[in-house]
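Working notes, beginning with the structure itself.
The values are calculated or read from the model by the stated rules, or taken from the named source; none is laboratory data. These numbers were taken from a predicted model, which means no experiment stands behind them. Every residue, glycine as well, gets a Cβ built from its backbone with ideal geometry; the counts of neighbours run over all protein chains shown.
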Amino acid sequence: MRWWLCGILSDYRGVIGEGCLELDASRGVISRISKEPPSGALVEDYRGKGFVVAPGFIDLHVHLRGLNLSYKEDEVTGCRAAAAGGVTLVVDMPNTSPPLTTPEALDAKLAALGEGCIVDHGVYAGIPGEPQLLGELASRPIAGFKVYPSDLRSPALREALKLRRLVILHPETPEASRGDLASFEPASRAVHRGCWWEALAVLELASIAPRWASVHVTHASCPSTIEAARGLGYTVDVTPHHLFYEALPGLDPCLYRVNPPLRGHAERVGLLKLLLEGRVDAVASDHAPHTPREKALPPTCPAGFPWLEAWPWMLFRLVRAGALSLGEFHWLVSRGPALVLGLRNYGELSVGARANVVVYDPKTPGRFPGPRHSKARLYPAFMAETAGQPIEVVVGGNKVYFEGELAEAPQGAVNPFKRRSRGPRPPSKN
Ligand code: DOR
Ligand code: ZN
């Protein structure tokens, strides 16, 4: 089926102008772009309403859980939350139960994503204990390998770095979690689990990585982490929570617990400055759902925020404030992450690009009412402060979200890592 979607077309190049996209649902691509649809065509027309038609957002760091952790979240609920936020591609993390470090676990996860996820999806494999398993893991359609602090010194990591696959680093050394023994309260945790561990982890990885390795540093919470990553030619993302929120004294230690921890004012402002200067490749949510019960029980409460429905709209506040242009916003949430992932047909409005589209109203004040689709319902109050609001979300030319209603089952959602190898390094903006 082919149909047309009209409105204010905008992507990382800024506002292209009022116009229309022809979406081909059978091929999953944008098949034509024009000022006017041909007469007699099937058209959904938002022109004159001030609604933006843009590439769907890409979240390269989410925890959809599933498998034995389905009581926290699963591939159905997590992907529904993504669609409701305007996110049309999610890439899932391997710290599941069982972890995605064996072909069997990875195959189970890929099958669950294929069956239940209503948006495009990918997954990172974990670093296996046995280096011999790397080849089998790499033969699956994965987005790359995720490196946790506990993997930094493993022999398998040295081998994984030689595979020419994307390697995505949680930038903390194993010593960082010692800071948790000294502190629980967020403001002191920010100090004890300090920035130095982040830059050290980046340098430690660089000390064993070939120069040509594709390394991405995720959820950098400190300016020094970004500087270290960029200095080495690595790509880097930041989360909205590290950009917008600080470890203020007196915060609920469980609700606001996240790894890396929320930082102090100077680090947060430094992070924001680097983002606004164009030195960050992507924004990612680190959507990390836990049950309300788990999140309310000190001292074992797990770290993480359930973000998928809200995070792009928190970032949109910077557009509303005049700090980010529309093009820069779309770079950070679509084109930048697409290039980090090596997906050159994602994140732009062009003929032949993946027909993943979000239509949004940039003018609504957009107060986030709380998660409606994620199983994780307990969220920090700062998430309520958003701007803008999705109206319609399209995946592969199929409508999956419209005015609050979601598609019941996947229609044309794909794993784009099934048919590609990582391309050249993304072009640096600076
Ligand atoms: O806060 C976090 N939660 N940071 C992580 O690195 C893991 C995540 C989780 O899986 O809950
Ligand atoms: Zn994470």
Q.
Considering only residues that are of a type in the set (Val, Ile, Thr) and closer than 15 Å to Lys418 by Cβ, which ones fall in the range 83-118?
A. Val91
Q) Going by the conditions given, is Pro302 within 16 Å of ligand 1 (Cβ to nearest atom), more than 21 Å from Pro337 (Cα to Cα), touching a residue at least 24 places away in the same chain (Cβ under 8 Å) and surrounded by fewer than 18 Cβ atoms within 10 Å (Cβ to Cβ)? A) yes
Q.
Restricting to the range 1-32, and then to whatever is under 15 Å from Val359 (Cα atoms) and acidic (Asp, Glu), can you tell me which residue is surrounded by the fewest Cβ atoms within 10 Å (Cβ to Cβ)?
A. Glu18
Q.
Checking Arg293 against (1) more than 16 Å from ligand 2 (Cβ to nearest atom); (2) among the basic types (Lys, Arg); (3) closer than 27 Å to Val215 by Cα: exactly one of these is not met. Which one?
A. (3)
Q.
Please pick out the residue among Ala220, Ala229, Ala209 that is more than 15 Å from ligand 1 (Cβ to nearest atom) and crowded, with 23+ Cβ neighbours inside 10 Å.
A. Ala229
(Q) So Arg377 passes all but one of these: (1) of a type in the set (Lys, Arg); (2) within 27 Å of Glu405 (Cα to Cα); (3) at pLDDT 95 or above. Which condition number does it fail? (A) (3)
Q.
Report every pair of residues separated by at least 6 positions or lying on different chains whose Cβ atoms are under 8 Å apart, first residue within the range 205-227 and of a type outside the set (Gly, Ala, Ser), second within 16 Å of ligand 2 (Cβ to nearest atom) and in a helix (DSSP H, G or I).
A. His216/Val340; Val217/Thr225; His219/His242; Cys222/Glu198; Thr225/Glu198
(Q) Take the residues in the range 61-116 that are of a type in the set (S, T, N, Q) and part of a loop (DSSP other than H, G, I, E, B); name whichever of them is farthest from ligand 1 (Cβ to nearest atom). (A) Thr102
Q. Among the residues of the range 265-286, which ones are crowded, with 24+ Cβ neighbours inside 10 Å, of a type in the set (Asp, Glu) and more than 16 Å from ligand 2 (Cβ to nearest atom)?
A. Asp281
Q) Among the numbered criteria (1) assigned to a helix (DSSP H, G or I); (2) touching a Leu at 6+ places or on another chain (Cβ under 7 Å); (3) of a type in the set (Lys, Arg), which single criterion is violated by Arg140? A) (1)
**Q.** Those residues of the range 177-192 which are within 13 Å of ligand 1 (Cβ to nearest atom) and either under 17 Å from Val236 (Cα atoms) or surrounded by fewer than 23 Cβ atoms within 10 Å (Cβ to Cβ) (or both), in sequence order
**A.** Ser177, Asp180
Q | Positions within the range 232-277 being closer than 25 Å to Pro299 by Cβ, away from ligand 1 (no atom under 16 Å from the Cβ) and aliphatic (A, V, I, L, M), in sequence order | A | Leu248
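Yes/no per residue for (1) over 24 Å from Ala160 (Cβ atoms); (2) among the basic types (Lys, Arg):
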{"site": "Ala201", "(1), (2)": "no, no"}
{"site": "Arg211", "(1), (2)": "no, yes"}
{"site": "Val217", "(1), (2)": "no, no"}
{"site": "Val236", "(1), (2)": "no, no"}
{"site": "His265", "(1), (2)": "yes, no"}
{"site": "Arg279", "(1), (2)": "yes, yes"}
**Q.** Cross-chain or 6+ apart pairs with Cβ under 7 Å, the range 231-254 first and at negative phi and in a strand (DSSP E or B), then surrounded by fewer than 24 Cβ atoms within 10 Å (Cβ to Cβ) and of a type in the set (Lys, Arg)
**A.** Val236/Arg230
